[in-house]
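> Take a look at the following structure, please.
The values are calculated or read from the model by the stated rules, or taken from the named source; none is laboratory data. Keep in mind it's a predicted model, so treat the numbers as computed, not measured. With ideal geometry, Cβ positions are generated from the backbone for all residues, glycine too; neighbour counts draw on all protein chains shown. Just so you know, the surface numbers come from the protein's heavy atoms only, side chains and all, with ligands and any DNA or RNA stripped out. Shrake-Rupley method; radii C 1.70, N 1.55, O 1.52, S 1.80 Å.
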Amino acid sequence: MSSGPALPDAVPPAEPVGGSGGEAAGAEVLGQPEIARALTRIAHEVLERNKGAADLVLLGIPTRGLPLAQRLAARLAEVEPGLDPTAVAGSLDVTMYRDDLHKHPTRALGATDLPAAGIDDRVVVLVDDVLFSGRTIRAALDALNDLGRPRAVQLAVLVDRGHRELPIRADYVGKNLPTSLAEKVRVRLVETDGVDSVRIDGGAR
């Protein structure tokens, strides 16, 4: 399996290096068309690797992983006849499983909402916006252990910015984005921010 996101994954106001949200600043590296194409490609890669969508569950990690999971489910349904995207997409809040809460401002709890069929013996695809240190994905794996026993766990991220602190990698990546630790990657989505955009802010460019 693979893994990881941005330090704290997107909480609306502002966040530390590697997070999402805040005002648009810096250089835009992905706009709406590029994000749409990346998600379409990831959807096809997921279907090819898993030989269809029969056993798939997509769990988005709040905040911005959730709309990404919902978009991916919709794209899967465009290819797989009869697939109900609302039946395969859910959310997985990992806040209380993080090992770095003491380093960051208090976060509001997100929602954990599993599809009705659960996750036992299913292929769970975790979905997040940014893969950074890997700690969010480790927390997601711990959360999954308390919810059921998937047959396999995979990871899809819109952006992989590097700087892993744990041996975690993504199975599906929209964009590999080399960054310095001084830079921030800001992901904004229509569902949460009113616009689709990925920007790099700060650092020596």
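> Would you be able to tell me the number of residues in region 42-75 that are outside any helix (DSSP H, G or I), under 16 Å from LEU131 (Cβ atoms) and touching a Lys or Arg at 6+ places or on another chain (Cβ under 9 Å)?
The number of residues fulfilling the criteria is 1.
> Specify which of the listed residues (ALA36, ALA43) is open to solvent by less than 40 Å² (accessible area, probe 1.4 Å) and touching a helix residue (DSSP H, G or I) at 6+ places or on another chain (Cβ under 8 Å).
Working: ALA36 fails: touching a helix residue (DSSP H, G or I) at 6+ places or on another chain (Cβ under 8 Å).
None of the others qualify; the one that does is ALA43.
> Could you tell me whether region 68-88 includes any residue that is touching a Leu at 6+ places or on another chain (Cβ under 8 Å), in contact (Cβ under 8 Å) with a residue 60 or more places away in the chain and among the basic types (Lys, Arg)?
Looking for residues that are touching a Leu at 6+ places or on another chain (Cβ under 8 Å), in contact (Cβ under 8 Å) with a residue 60 or more places away in the chain and among the basic types (Lys, Arg), one finds none in region 68-88, hence no.
> Okay, moving on. Every residue in region 10-33 that is at pLDDT 50 or above and surrounded by 13 or more Cβ atoms within 10 Å (Cβ to Cβ), please.
Listed by number, the residues that qualify are GLY26, GLU28, VAL29, LEU30, GLY31.
> In addition: Working only within region 39-57, note down all residues that are among the charged types (D, E, K, R) and in contact (Cβ under 8 Å) with a residue 40 or more places away in the chain.
First pass over region 39-57, keeping only residues among the charged types (D, E, K, R): 41, 45, 48-49, 51, 55.
Selection gives ARG41, GLU45, ARG49, ASP55.
> Taking region 79-137 as the search range and keeping residues that are among the basic types (Lys, Arg) and touching a helix residue (DSSP H, G or I) at 6+ places or on another chain (Cβ under 7 Å), which one is modelled with the lowest pLDDT? Before you say what the answer is, go through the steps one by one.
Of the residues in region 79-137, the ones among the basic types (Lys, Arg) are 98, 103, 107, 122, 135.
Keeping just the survivors that are touching a helix residue (DSSP H, G or I) at 6+ places or on another chain (Cβ under 7 Å) gives 98, 107.
Working: ARG98: 83, ARG107: 59.
Filtering region 79-137 for residues that are among the basic types (Lys, Arg) and touching a helix residue (DSSP H, G or I) at 6+ places or on another chain (Cβ under 7 Å), the one modelled with the lowest pLDDT comes out as ARG107.
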